[in-house]
Amino acid sequence: MPSRRQFLKFGLGGGLLLAAAGAARAQRPFVAASGAEALAVLDAGDRVVLAAIVPALLAGTGEAAGQLDAVIGSVDRAVAGLPPHLQAEVKQLFALLGSWVGRRWLAGVRAPWSEASRAEVAAFLERWRFSGWRLQQQAYQALHELVFAAWYARPGSWPAIGYPGPPEVR
Amino acid sequence: MIRDPIRAGIAAGWKATDASTLERDLALEADVAIVGTGAGGGVTAEILAQAGLDVVLVEEGPLKSSSDFRMVEAEAYPQLYQESAARKTLDKAITILQGRSVGGSTTVNWTSSFRTPPATLAHWRERWGLREFTPEALAPWFERMERRLAVATWTVAPNENNALLRRGADRLGIATAAIRRNVKDCWNLGYCGMGCPTNAKQSMLVTCIPAALARGARLVYRARAGRLALRGGRADALVCQALDARGVQTTGRRVMVRARHYVVAAGGIGSPALLLRSGAPDPHRALGARTFLHPTVAVAALMPEPVGAYAGAPQTVYSDHFLEGAAADGPIGFKLEAAPLHPLLLGMTLQGFGPQHAALMEAFPHAHALIALLRDGFHPDSPGGNVGLRDDGSPVLAYPLTPYLWAGVRRAYRAMAEIQFAAGARAVLPLHERAAPYPSWPAAQAAIDALPLAPLLARVMSAHVMGGCAMADRPERGVVDPLGRHFQLDNVSVHDGSVFPTSLGANPQLSIYALAARSAVALAAALAGKPAVGGT
Ligand SMILES: Cc1cc2nc3c(=O)[nH]c(=O)nc-3n(C[C@H](O)[C@H](O)[C@H](O)COP(=O)(O)OP(=O)(O)OC[C@H]3O[C@@H](n4cnc5c(N)ncnc54)[C@H](O)[C@@H]3O)c2cc1C
Ligand code: SF4
């Protein structure tokens, strides 16, 4: 009788992405630290990817541009609170995107992340959003959730949407 | 200054141990070890402690209380929810909200209180052999828990988010009713989902658990029950791992509890997972199977006047119009309720990105949201999901969204949009990757009929995990008997939402409280006069 663990492994179907990410990790170019606040779980390469993706997702929120480091820090803190299996998935996703193969062939972004235009990044996000490949859809949604959660977690984002914040009770 | 009953209790000498601070392994003995401190575990602890039994409660999450509840999403989700509120089904198509702190999901739930619907009980009697589950037989258990937890009709006017459901439905001749709530002196703040800062919500955290602790029960938190050590059809010990202060990594310290009886109350997903990790006998492949979610879909509406869906008691009006008369063998029925909105959860749930997403968020004060909770598990085409284990032992639910469910989703979108337009909506927006704001009911109707319905396109959520350790009249079709006793393990019971053989068609807390009370009273009687641990 197949064990339930086996059933899950086969059901996961993420093996391909994970394998690709594993390979990607090895080819990853060295990225110098940017000097911004230290991250708990994400690394400098992940920061470069996020620095391209965050402005594309948050375009239209007005304040986002000046708060890039704060938003990335907030994503990092959120990831650090996730259970190990989810942390691993997120880190694999960033490693994949940070690799040349991942960026160029899976995301379809020609320019390095640090030079990619907002339009090019937005086009990649839109492709993954409606991709016929479930893993790309899942990855898009993971990025969407991480970044919007990080943004709307911040009281600084509230005035623009008319949220007064929690009431006083003490 | 609001009195914090938990901090006061700890100061008064309650025995509560934070396992993250353990410097060496901990070994405990008790009459009963209870895994999980939510709806099922909390009620069980109070009843057993009242019966004079020595109880140890083990909880994976932290002990947080009113002084910690600051109504801030970024703090509440990582502290009080399983997987920081990012738990999902295997294919990531359904987001699952479950609590993970002392009090379990009751610490963060929205206080809606319903008895198990008679139609659900009738189905259980007919289909699952649960002959004693009549409304009359259960009434005393419901009454007992309603008294204990101050369940009462909420007489304050509903907030606008809920009033809109009533208004729209009224205009269409669709019946609605008021939701009863388990609150005392509620401030009508609307932050129940982040932990009640005023202790108005009569969750397990401020009722049954303090009562049990006051009678000497011991609580060990930030300790994850890893497995039951089984031998000869019995459990010998409960083996737990201590977690670090943020609840992410194990510290390497172990907590071992030896007890005469073990009550598994780790909730849907959590309870079957513990039994799976323990290698519990499962001759009929029932364990973890038939896990139900009330798969929930949402339609947001843009109203001309401010709604302020972030403020005011979150759920006070409901409609069972689309549930009543739904035959078990017919199209799926659904319950309609309003949902509170807060920026973080809304921002991550709302489809799209860039300027279009930002523009929708700017309408936040005018946003109204309805949710439809699908009653899964009644029809053969709605068999629910299966709990399995990852390599690291953590649980994951595989829940296929079947065409039968999708047909219900489409009807639910239509029902919600029509009610919202009847209530005066300027535009409605199903939470779905392919949906846009629709400016009129005809436009919405046509668009909804054409929406592709598939995993990861429609946003599907659940805050109601049920089943996986189903009760039944006989072992061939369940995991536990109608009193929660495991069919194959003599001294193991399950007292929580995982014992339901189908979903309920109503928010589950009161059903869990009542059934847990019924099982716990029987267990207390059975344990009275039995030899102490090790003496068998
Ligand atoms: C946001 C939200 C809103 C809700 N609103 C309502 C509502 O308005 N009305 C209603 O009726 N219902 C509501 N519910 C659902 C209701 O609260 C739950 O159905 C109910 O609390 C489930 O009870 P339970 O005992 O099965 O599990 P839970 O209450 O979830 O308790 C299980 C506990 O076990 C712990 N646990 C799990 N695994 C382990 C382990 N291995 N070791 C140790 N501990 C473990 C968990 O951390 C948790 O504390 C809501 C739920 C949520 C999340
Ligand atoms: S609405 Fe009432 S029960 Fe809910 S958090 Fe506010 S005071 Fe507590």
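Every number in this text was worked out from the coordinates using simple rules, so none of it is lab data. The model shown is predicted, which means the values in this text are computed figures rather than measured ones. FYI the Cβ positions are ideal-geometry reconstructions off the backbone, even for glycines, and counts take in every protein chain you see.
Some notes on this structure:
- Around the Cα centre of chain B, unit charges on the Cβ atoms of Lys, Arg, Asp and Glu (plus for the first two, minus for the last two) sum to a dipole of about 560 debye.
- Close amide H pairs (under 5 Å, H built 1.01 Å from N) link residue B:432 with B:351, B:459, residues at least 5 positions away or on another chain.
- Surrounding net charge for residue B:131, when Lys and Arg each add one and Asp and Glu each subtract one, Cβ distance under 13 Å: -2
- Placing +1 on the Cβ of every Lys and Arg and -1 on the Cβ of every Asp and Glu, with no other charges, gives the stretch B:108-177 a dipole of roughly 60 debye about its Cα centre.
- Near residue B:88, the amide H atoms lying under 5 Å from its own belong to B:96; only residues 5 or more places off or on other chains count, and H is placed 1.01 Å from N.
- Neighbours of residue B:248 by Cβ distance under 13 Å: Lys/Arg scored +1, Asp/Glu scored -1, total +1.
- Residues of type aspartates and glutamates that residue A:91 reaches as a straight line, Cα spacing below 12 Å, ignoring anything fewer than 8 places off in the same chain: A:43, A:46, A:76
- Sparse-neighbour loop sites [trypsin sites (Lys or Arg not before Pro); the stretch B:1-73; at most 11 other C-beta within 10 Å; DSSP]: B:3, B:24
- Candidates B:387, B:63, B:373 compared by Cα position along the dipole of chain B: farthest toward the positive end lies B:63, with charges placed on Cβ.
- Counted by Cβ distance under 15 Å from residue B:448, the other residues give a net charge of +2, where Lys and Arg count +1 and Asp and Glu count -1.
- When the protein assembly as shown is described by a simple charge dipole with +1 on each Lys and Arg Cβ and -1 on each Asp and Glu Cβ, the residue from B:489, A:163, B:107 located farthest towards its positive end is B:489.
- Dipole magnitude of the stretch A:44-159, debye to nearest 20 (Cβ charges: Lys/Arg +1, Asp/Glu -1, about Cα centre): 260
- Rounded to whole Hz, the Karplus (6.51, -1.76, 1.60) HN-Hα couplings of the stretch B:51-56, x for glycine and proline: 7, x, 7, 8, 10, 10
- Peptide-level mean, for B:138-145, of C-beta atoms on other protein chains within 10 Å: 0
- Residue-wise HN-Hα coupling along the stretch B:94-104, computed from phi with Karplus coefficients 6.51, -1.76, 1.60 (Hz; x: Gly, Pro): 10, 8, 10, 9, 9, x, 8, 6, 4, x, x
- Evaluated over the Cα positions of the protein assembly as shown, the convex hull gives a direction-averaged projected area, one quarter of its surface, of 29.2 nm².
- Beta bridges from DSSP with both residues in the protein assembly as shown: antiparallel share about 65 percent, rounded to the nearest 5.
- Amide hydrogen proximity for residue B:180: with H placed 1.01 Å from N in the peptide plane, the residues at 5 or more positions away or on another chain lying under 5 Å are B:113.
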